[in-house]
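Taking it in order: structure first as C-alpha cells, then the write-up.
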Amino acid sequence: MDIRGKTIGFAMTGSFCTFGRAFPQAEMLTRAGARVIPILSFNAYEMDTRFFTAADVRLRLTAATGEDALHTLGQVEPIGPKHLLDLLIIAPCTGNTLAKLAAGIADTPVTLAAKSHLRNSGPVLIAVSTNDGLAAAAQNIGELLARRHYFFVPFEQDDPEGKPRSLVARMEDIPACAALALDGVQAQPVLT
C-alpha cells in the first residue's frame with residue numbers, strides 16, 4: 001500500500017541512543033506524502049540526555065514532520081474515538097514499553113496512543129530497541145508477535161560481543177515496513 005495521503009503516528013520512547021536513526025525515518029515518511037504526527041513518551045519529551053536535549057528532540061521532530069509532538073494522555077486519547085491515524089509506529093520501542101503493551105498497560109502517551117488506535121483494529125508497527133531483547137523483553141516480543149494488528153520492523157543484535165542480549169530494529173526499513181503493515185503484512189525475515 002502506498003503511504004501517500006495516510007496519517008501516521010510516529011511515537012518515540014526512551015531508547016535515546018537510537019533517536020538519531022529514527023528522526024530521518026519520520027522525515028522520509030513525510031516526504032513520501034504521509035501526514036506524520038509525532039508522539040513522545042513522558043521521558044522522550046522532557047529528558048535531556050548525552051545524545052539530545054529534550055528541546056532538540058522536539059525541534060527535530062517538528063522540522064521533520066511539520067507537526068508539534070503530542071505528549072500528554074489527554075492529547076492522545078482521542079486517537080481511537082476520532083479515527084485519527086491509519087498507522088501507529090513506535091520507533092524506538094523500549095523494553096519497558098514492550099512490557100506495558102504486552103500487559104495492556106496504557107499509562108504513557110505512547111502506550112495510550114497504541115491502546116486507543118487498536119480499538120479500531122489499526123496496525124501498530126514496532127521498531128524495537130532494547131538491551132534485554134534476548135532476555136526479559138524476549139517474552140514480550142513473542143507475545144506481541146503473536147497478536148493481531150502488531151507488526152515489527154526487522155531487528156538484529158546490534159553488538160553481539162559487547163551486549164549479547166541487545167536487539168535493535170533496522171530503522172532504515174521503517175518506510176517499507178509501514179506500507180506492509182498498512183496491508184496487514186509482516187516484513188520478513190523478522191530476525192536479520
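Starting from the Cα of Lys6, draw a straight line to each of the aspartates and glutamates and keep only those under 16 Å, dropping any in the same chain fewer than 8 residues away.
Of all the aspartates and glutamates, those that pass the test against Lys6 - Cα under 16 Å, at least 8 places apart if same chain - are Glu27, Glu67, Asp86, Asp183.
In the chain, what percentage of the DSSP-assigned beta bridges are antiparallel, given to the nearest 5?
Once the DSSP bridges in the chain are tallied, antiparallel ones form about 20 percent.
Show me 62-69, 104-111 ranked by packing, highest mean number of other Cβ atoms within 10 Å first. Display every interim value, and only then the final one.
Details: 62-69: 16.0, 104-111: 19.2.
The densest-packed peptide leads the list: 104-111, 62-69.
Could you give the C-alpha radius of gyration of segment 68-166 expressed as a fraction of 2.2 N^0.38 Å, taking N as the number of residues it contains?
Here the answer is 1.10, to two decimals.
For Rg/Rh (Cα atoms, Kirkwood Rh), the choices are (i) 1.13; (ii) 1.16; (iii) 0.93; which was calculated from the structure?
Recomputing Rg/Rh (Cα atoms, Kirkwood Rh) here picks out (iii).
Which one, Phe52, Phe152, Phe16, has the greatest fluctuation when you compute a Gaussian network model over the chain with C-alpha springs under 10 angstrom?
The residue that fluctuates most here is Phe52.
If contacts are Cα pairs under 8 angstrom and at least 6 residues apart, what is the relative contact order of segment 7-182 in percent?
Rounded, it is 23 percent for segment 7-182.
Hydropathy at least 0.0 by Kyte-Doolittle, axial extent at least 15 angstrom from the Cα trace: which helices of the chain, defined as entire DSSP H runs, fit?
Details: long enough: 19-31 (18 Å, -0.29); 54-65 (17 Å, 0.42).
Answer set is 54-65.
Rounded to whole Å, give me the distance from the Cα center of segment 167-192 to that of segment 1-48.
Answer, in whole Å: 15.
Counting helices only, and only those DSSP H runs with n ≥ 4, report the 222 nm mean residue ellipticity of the chain as the sum of -39,500 (n - 2.57) divided by its residues, in deg cm²/dmol to the nearest 500.
Taken over the chain, the calculation gives -10000 deg cm²/dmol.
Which lysines have a Cα less than 26 Å from the Cα of Lys163, not counting those fewer than 8 places away in the same chain?
Result set, ordered by chain and number: Lys100.
Sum up the charges of everything whose Cβ sits under 13 Å from the Cβ of Leu182, counting Lys and Arg as +1 and Asp and Glu as -1, but leave Leu182 out.
Result for the local shell: -1.
Just to be sure I understand the model, the point goes 7 Å from the Cα along the line to the Cβ. What's the resulting Leu191 to Lys163 distance in nm?
1.9 nm
Every number in this text was worked out from the coordinates using simple rules, so none of it is lab data. The structure presented is a predicted model; accordingly, all values stated were derived computationally and were not measured. Here the Cβ is made from the backbone with ideal geometry for all residues, glycine too, and neighbour counts use every protein chain on show.
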